[in-house]
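Note sheet for the following structure.
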Amino acid sequence: MPLTINNLNSIEMKRILMIALLALTWQIGAQEKVKIDGVATVVGDNIVLDSEIDAFKEELIQQSGGQIEITDCEMLEQIMNRKLLAHHAVIDSIVVNEGEIQQQVQRKTDYFTQQLGSTEKMLELYGFDNIKDLKDELYRVEKEGLLIQKMQQELTADIDITPEEVKRYFLSLEKEGNLPEIGAEIELSQIVLNVEPSQEEVDKTIDRLKEIKKEVEDGGNFKMKAILYSDDPGVTQNSGFYTIERNSPFVKEFKEAAFSLEEGEISQPFKSDFGYHILMVDKIKGKQRDVYHILMQPNADDQAEERVRDSLTVYRERILKLEIPFDAAVLLYSQDKDTRLSAGVLMNPESGDTHFDLTRMDPELYAKVSNLKEGEISDVFMDETRQGLKMYKILLLKSRTEAHTADLAKDYVKIMELALQKKKTEQIEKWSEEKISDTYVNINQVYTNCEFKSNWAKN
């Protein structure tokens, strides 16, 4: 049976809506080139355009593989609920981290530039005249999304769920014949060896950064130096510029350098997980620092890569010959600081646990592990971060669960998450019903025949 907006589980709906929210930015930009949007509704201070309904619908359908059936009216109500949350987040003085938003904007423009090949291609595809307009629109969308997220968290902070409530929820789904299907999942562990440059290359990089620092202190332009020499992938869009606060999600070394300098000062070269940096404080604005930085990554030669690959091959053979357990090998050899002390176990950033849905895995990762059986180890392969840092890895398939209908005992954690999310959703819906009555809402007559779940028309 095709999915509808009503029978789609709330966690899945939230995931798809967040993806659609990002896509909306690009689609609005393109649509503004060809037509003038009509206003579908106004909620508080927030306007909903017809193009937003179209963009969300299109993205929802694409992300679900055409399995979702949704009307314009249902989509409009979903969007109005988001605008209601955003409106009252501002009224309630919900605070968001401006530095975090800016960094998210930069990450996403970097990603799309990388995918499309150039900034020009990205602007052309998404219908923006310049990078500033695109970033401004993406900033607006990101900020609204973060406000909504924080408002939802505040409304549901005290909500918990008991085992009895989980059981009742499961039994209700079972009675309705609506038990969710659990996709095939795997758990993975890894051993990682980094490809390190020689000390000679490190020294060359540090010396070059010192030269650039002196050139700027003698009158050179730091911004131009960053454009010419920085290995930061975002430099083509931001010229090495960032706004940073003490709680901004930058690496510790970067923040320490930024907050140890006065306006106009340039740091000595310092190391982070990304490479070697110099940083200049451009302006100090209260708790914020506007900074420019240059990142350089020492080159690792082919011999270094070969040595690391050969070493990991030897470790793999030792594990296969049962000379050393995989967990012990992780502790002895792995250089990944995030997984080394947890037996190499990988965390799924999407779910927050150790299970990966095979249908949602990164295609490259999927290709390396999809044919493995429990207990088998992948071949040695090279991986590379967005910053260009190289490493070699092996992966152990710790467990594999085939697709099945949800079972209370086997899938208790997942059922609990669904039940808790349902309870939170009900709390937010109750709050919305109360807030709609005292919030300005104006719906275009085109949508007056819509049968909304909530009393948006205030009849």
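Things to note:
- In the stretch 394-406, the residues that are modelled with pLDDT of 95 or more and either out of contact with any strand residue (DSSP E or B) (no Cβ under 7 Å at 6 or more places or on another chain) or more than 21 Å from S351 (Cβ to Cβ) (or both): I394
- Checking each residue of the stretch 240-257 against the condition of being within 22 Å of L138 (Cβ to Cβ) and of a type in the set (V, I, T) gives at least one match.
- The number of residues in the stretch 438-448 being in contact (Cβ under 8 Å) with a residue 60 or more places away in the chain and either charged (D, E, K, R) or in a loop (DSSP other than H, G, I, E, B) (or both) comes to 3.
- Any hit, the stretch 92-100, residues being within 30 Å of I443 (Cβ to Cβ), small (G, A, S) and touching a residue at least 60 places away in the same chain (Cβ under 8 Å): no
- Taken as a whole, the structure places I191 among residues that are of a type in the set (V, I, T), within 34 Å of the chain's Cα centre (by Cα) and either modelled with pLDDT of 95 or more or within 18 Å of N299 (Cα to Cα) (or both).
- Residue that is nearest to the chain's Cα centre (by Cα) [pool: residues in the stretch 344-360 that are assigned to a loop (DSSP other than H, G, I, E, B) and under 12 Å from E187 (Cα atoms)]: N348
- Filtered residue count, the stretch 163-179, keeping only those that are assigned to a loop (DSSP other than H, G, I, E, B) and either in contact with a Cys (Cβ under 8 Å, 6 or more places away or on another chain) or under 16 Å from D411 (Cα atoms) (or both): 2
- Number of the condition not met by V192 [criteria: (1) more than 26 Å from E384 (Cβ to Cβ); (2) assigned by TED's automatic domain parsing to the domain that holds K368]: (1)
- F241 being of a type in the set (F, W, Y) and within 22 Å of the chain's Cα centre (by Cα): yes
- Any hit, the stretch 35-50, residues being modelled with pLDDT under 85, surrounded by fewer than 15 Cβ atoms within 10 Å (Cβ to Cβ), out of contact with any helix residue (DSSP H, G or I) (no Cβ under 9 Å at 6 or more places or on another chain) and of a type in the set (K, R): no
- Test: residue in the stretch 124-139 that is in contact (Cβ under 8 Å) with a residue 40 or more places away in the chain and closer than 30 Å to F452 by Cβ: yes
- Residue match in the stretch 396-410 (condition: surrounded by 18 or more Cβ atoms within 10 Å (Cβ to Cβ) and either within 27 Å of E305 (Cα to Cα) or free of Cβ contacts under 8 Å to residues at least 12 places away in the same chain (or both)): yes
- The listed residue being under 27 Å from the mean Cα position of the chain (by Cα), outside any loop (DSSP other than H, G, I, E, B), of a type in the set (K, R) and over 21 Å from T339 (Cα atoms), out of K430, K368, K435, K422: K422
- Subset tally (residues that are closer than 19 Å to S51 by Cα and of a type in the set (G, A, S)) for the stretch 115-140: 1
- Set side by side, the residues Y229, Y242 differ, and just one is in contact with a Ser or Thr (Cβ under 9 Å, 6 or more places away or on another chain), at pLDDT below 95 and more than 30 Å from E376 (Cα to Cα), which is Y242.
- I101 in contact with a Lys or Arg (Cβ under 8 Å, 6 or more places away or on another chain) and either farther than 27 Å from G388 by Cα or assigned by TED's automatic domain parsing to the domain that holds S239 (or both): no
- Residue identified as within 21 Å of the chain's Cα centre (by Cα) and not hydroxyl-bearing (S, T, Y) among K121, K150, K167, K175: K150
The values are calculated or read from the model by the stated rules, or taken from the named source; none is laboratory data. Computed from a prediction, not measured in an experiment: that's the story for all the values here. With ideal geometry, Cβ positions are generated from the backbone for all residues, glycine too; neighbour counts draw on all protein chains shown.
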